[in-house]
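A.B. asks: Below is one structure. I have some questions about it.
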Amino acid sequence: MSDSSVLKVTSDTGTTNVSKTVGATWDVAVIGGGISGLVTAYWLAKTGARVTVYEASDQLGGLGTFFQYRNVFLERFYHCMLPSDRHLLGVLRELGLVDQVYWKETSFGFMRDGRLYGLNTPLELLRFSPLSWVDRIRVGLTGLWGSICSPNGLDDVTCVEWLSRLSGRRAFETFWKPMLQAKFGDRYHEVPALWFWTRFNREKGGKRERKGYIRGGYRRIIEALVKSIEAHGGIIRLQSPVEKLDLTENKQLAVCVSQSVPQVFDRVVVTTPISFLRKAMAGGQLASVAQQIDVGIDMQGVVNAVFMLRRGFTKHYWVAAIDEEIPFQGIVESTTLLEKIDTAGVHLVYLMNYVHRTDSRFHQSDAEILEAYMAGLKRLFPDFQDEDVIDRFVFRAPFVEPLYTTGYQQRKPPTVLLPGKLYLATTTQVYPEVTSWNGAIGLAREVVDELLSEI
Ligand SMILES: Cc1cc2nc3c(=O)[nH]c(=O)nc-3n(C[C@H](O)[C@H](O)[C@H](O)COP(=O)(O)OP(=O)(O)OC[C@H]3O[C@@H](n4cnc5c(N)ncnc54)[C@H](O)[C@@H]3O)c2cc1C
């Protein structure tokens, strides 16, 4: 690395100041081209580092990636932002995109025994007849307690224990369990109460919920980041799955993509699921580091369908619909948030199904999934007709939501694996923050600051 003067610039994320190292000549590889990788590359390229991004697929954006539908670009998996997403909004401000975000009041619904309940106000909770009067009041008090209690100690108890204690077992089964299932599918049992506490306070915190979306879709954020990375001399390699990561004899990092010659870097930031990294480092000089991140965390996947419809179903942004007969756990009616111009005029509905990648449902054909999901929709909405559907698509992602277990805060992998050399910014470290673009950017900020401070 060459000697360089240091210029202080203020980051718009509101977290820290970034030191801009003028004239630096060090090389850094960023593995993974999702939001974590792109924002890391964006900040590092701005400091003068020579950045190379390796992305396994043929598209950037990771779980926030998009597809073209008519004259618009839609997310494969529904995405929206919240007013509390300060890291994400900070980056949008830096990119000059923040005024492209529009906000709407949105709501949440709950399907039970064919009936749809709004669950957004104390009055709506009082009208939620599947619960007894006593249970409605206990659930309300649980919500109130959740918004004022300290999170201390909540990493050590499961949601099942904590919520059952506060609301009672019956209310847990009827009310809270479906919401946990809507995120973790059949793997909800072990999730710590701290996760629930963070999510509850992020989304509700006792106030009416508001959500935001960017005009033109998340593609605009991805493209703005790419433009800035490339303008600062960064290189983006698509279809470049990194298979091996090792140390060279002179202690530099060698990154290897399939059969090609390894590329040598001064520093590497990994943003892919950690199972990849463990495999890539196994058997080499970094094997002991691979053990360090073997923290026993698995991830839940998603089999998600997007329906373009002639009409919508409900007025809610998302509806939890947990029923053994229904092959998905929730419905996201994006049209309650997205402007018509951003959906090519159609009603846009996502059906979410969180399942593990080893589950047989994960490997069904698109046609089988769509047929089952159509049957599920008809069961929930008896007047729903085949003619209501204009188009429909299936998207799968094997690594989405970490399956947290109690005590995870102490066990989660560190951001610095080899000081001055190897860094980690992955979804499995965002906890107790909710997995989101905001959480990913907040973590990337931390890693970039650590990396720069070690130079
Ligand atoms: C159904 C669903 C709904 C969601 N809704 C929201 C929402 O409303 N709001 C929100 O903020 N967030 C939402 N999220 C979460 C959000 O998308 C993720 O938290 C975020 O995208 C994670 O970004 P990441 O870059 O850390 O990881 P990823 O997006 O997983 O990116 C990792 C990248 O690494 C690449 N990669 C993997 N292996 C290799 C390799 N060997 N070599 C090179 N590259 C590799 C992958 O192809 C991928 O592009 C949602 C996610 C899903 C699935």
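The values are calculated or read from the model by the stated rules, or taken from the named source; none is laboratory data. None of the values given here were measured: they were computed from a predicted structure. FYI the Cβ positions are ideal-geometry reconstructions off the backbone, even for glycines, and counts take in every protein chain you see. Please note that ligands, DNA and RNA were not included when accessible areas were found on the heavy atoms of the full protein model with its side chains. Shrake-Rupley method; radii C 1.70, N 1.55, O 1.52, S 1.80 Å.
A.B. asks: How far apart, in nanometres, would the label points at Trp103 and Ile235 be if each is projected 7 angstrom from Cα along the Cα-to-Cβ direction?
C.D. replies: According to this spin-label approximation, the distance is 4.3 nm.
A.B. asks: Using only the alpha-carbon atoms of the chain as identical scatterers, what base-10 log of I(q)/I(0) does the Debye formula give at q = 0.09, 0.11, 0.13 Å⁻¹?
C.D. replies: -0.61, -0.92, -1.25
A.B. asks: Further, regarding this structure: How large is the convex hull of the Cα atoms of region 121-203 per residue, expressed in Å³ as a whole number?
C.D. replies: Values: hull volume 7.3 nm³, N = 83.
Output value, Cα hull per residue: 88 Å³.
A.B. asks: Here is a follow-up. Per residue, what accessible area does region 94-174 have, given a 1.4 Å probe and all protein chains present, in Å²?
C.D. replies: Details: 4210 Å² over 81 residues.
I get 52 Å² per residue for region 94-174.
A.B. asks: Just to confirm a number: summing +1 for Lys and Arg and -1 for Asp and Glu over residues other than Ala287 whose beta-carbon lies under 15 angstrom from that of Ala287, what do you get?
C.D. replies: Details: positive: Lys244, Arg278, Lys279; negative: Asp246, Asp294.
Overall, the nearby charge balance is +1.
A.B. asks: Follow-up question, since we're still on this one. Got a number for carbon plus sulfur as a percent of the chain's accessible area, 1.4 Å probe? Write out the running numbers ahead of the final one.
C.D. replies: Numbers: 9680 of 19120 Å².
Looking at the chain in its full context, I get 51 percent from C and S.
A.B. asks: Taking a probe of 1.4 Å, how large is the accessible area per residue of region 261-391, in Å²? Before the final figure, lay out each step's value.
C.D. replies: On the way: 5360 Å² over 131 residues.
So region 261-391 comes to 41 Å² accessible per residue, rounded to a whole number.
A.B. asks: Right, next: Along the charge dipole of region 365-436, which of Pro432, Pro419, Tyr373 sits closest to the positive end, that is, farthest toward it, with unit charges on the beta carbon of Lys, Arg, Asp and Glu (+1, +1, -1, -1)?
C.D. replies: It is Pro419, whose Cα lies furthest towards the positive end.
A.B. asks: Suppose every Lys and Arg Cβ carries +1 and every Asp and Glu Cβ carries -1, with no other charges. What dipole size does the chain come out with about its Cα centre, to the nearest 20 debye?
C.D. replies: Here the size comes out at about 900 debye.
A.B. asks: Please list 3J(HN,Hα) in residue order for region 164-169, calculated via the Karplus relation 6.51 cos²θ - 1.76 cosθ + 1.60 where θ = phi - 60°; whole Hz, with x for glycine and proline.
C.D. replies: 5, 5, 6, 9, x, 5
A.B. asks: So what is the calculated 222 nm ellipticity per residue for the chain, using -39500 (n - 2.57) for each DSSP H run with n of 4 or more, over all residues, to the nearest 500 deg cm²/dmol?
C.D. replies: Dividing the helical sum by the residues of the chain leaves -8500 deg cm²/dmol.
A.B. asks: Further question: With unit charges on the beta carbon (Lys/Arg positive, Asp/Glu negative), name the residue among Trp133, Leu82, Tyr188 whose Cα is farthest towards the positive pole of the charge dipole of region 55-212.
C.D. replies: Value: Trp133.
A.B. asks: Something else about it: Please work out the ratio of the alpha-carbon Rg of region 363-447 to 2.2 N^0.38 Å and round it to two decimals. Write out the running numbers ahead of the final one.
C.D. replies: Numbers: Rg = 20.0 Å, N = 85, 2.2 N^0.38 = 11.9 Å.
Ratio of Rg to 2.2 N^0.38 Å for region 363-447: 1.68.
A.B. asks: Ignoring solvent entirely, what values of log10 I(q)/I(0) come out of the Debye formula for region 20-117 at 0.12 Å⁻¹ when each Cα is a single scatterer?
C.D. replies: Treating every Cα as an identical point scatterer, log10 I(q)/I(0) equals -0.59.
A.B. asks: Along the three principal axes, how long is region 294-352 when you take its alpha carbons, biggest first, rounded to the nearest angstrom?
C.D. replies: 46, 28, 16
A.B. asks: If packing is taken as the average count of other Cβ atoms within 10 Å, what order do 100-111, 36-47, 343-354 fall into, highest mean first?
C.D. replies: Working: 100-111: 17.8, 36-47: 27.6, 343-354: 21.4.
Per-residue Cβ counts within 10 Å, averaged per peptide and sorted highest first, yield 36-47, 343-354, 100-111.
A.B. asks: Shifting gears a bit: Structure shown: which of Lys227/Lys315; Lys183/Lys279; Lys315/Lys412; Lys244/Lys412; Lys183/Lys412; Lys227/Lys340 lie over 30 Å apart, alpha-carbon to alpha-carbon? Intermediate values should be presented prior to the final figure.
C.D. replies: Values: Lys227/Lys315 37 Å; Lys183/Lys279 27 Å; Lys315/Lys412 39 Å; Lys244/Lys412 23 Å; Lys183/Lys412 20 Å; Lys227/Lys340 27 Å.
Long pairs (Cα-Cα over 30 Å): Lys227/Lys315; Lys315/Lys412.
A.B. asks: Could you work out the pair-distance distribution P(r) of region 391-434 from its alpha-carbon pairs, with 10 angstrom bin width and percents rounded to whole numbers?
C.D. replies: It works out to 21, 40, 25, 11, 4, in whole percents.
A.B. asks: Could you give the dipole magnitude of region 207-310 about its Cα centre, charging the beta-carbon of Lys and Arg +1 and that of Asp and Glu -1, in debye to the nearest 20? Spell out each step's value before the answer.
C.D. replies: Numbers: 15 positive and 9 negative charges, 188 e Å.
Magnitude of the dipole: close to 900 debye.
A.B. asks: Can you list the HN-Hα couplings for region 332-340, worked out from phi with the Karplus curve (6.51, -1.76, 1.60; θ = phi - 60°), rounded to whole Hz and with x for Gly and Pro?
C.D. replies: Each residue of region 332-340 in turn: 10, 9, 4, 5, 5, 10, 6, 5, 4 Hz.
A.B. asks: Taking H placed 1.01 Å from N in the peptide plane, check which residues at least 5 places from His356 or on another chain put their amide H under 5 Å from its amide H.
C.D. replies: Gly301
A.B. asks: Something else about it: Considering only Gln239, Pro382, Thr65, whose Cα is most displaced toward the positive end of the charge dipole of the chain, charges sitting on Cβ of Lys, Arg (+1) and Asp, Glu (-1)?
C.D. replies: Pro382
A.B. asks: Taking amide H positions as placed in the peptide plane 1.01 Å from N, state which residues far from Tyr117 in sequence (5 or more) or on other chains have amide H under 5 Å from it.
C.D. replies: Sorted by chain and number, the residues that satisfy this are Phe110, Met111, Arg112.
A.B. asks: Using θ = phi - 60° and the Karplus form 6.51 cos²θ - 1.76 cosθ + 1.60, what ³J(HN,Hα) does each residue of region 393-398 get, whole Hz, x for Gly and Pro?
C.D. replies: 9, 10, 10, 10, 9, x
A.B. asks: Let me ask you something else. When the convex hull of the C-alpha atoms of region 248-289 is computed, what volume per residue in Å³ does it have?
C.D. replies: Working: hull volume 3.7 nm³, N = 42.
Expressed per residue, the convex hull around the Cα atoms of region 248-289 is 88 Å³.
A.B. asks: Shifting gears a bit: If you place +1 on the Cβ of every Lys and Arg, -1 on the Cβ of every Asp and Glu, and leave all else neutral, what size is the dipole of region 121-203 about its Cα centre, to the nearest 20 Debye?
C.D. replies: Roughly 240 debye for region 121-203.
A.B. asks: Using modelled amide H (1.01 Å from N, peptide plane; none on Pro or chain starts), what sits under 5 Å from the amide H of Val257, excluding residues fewer than 5 places away?
C.D. replies: Glu243, Gln263
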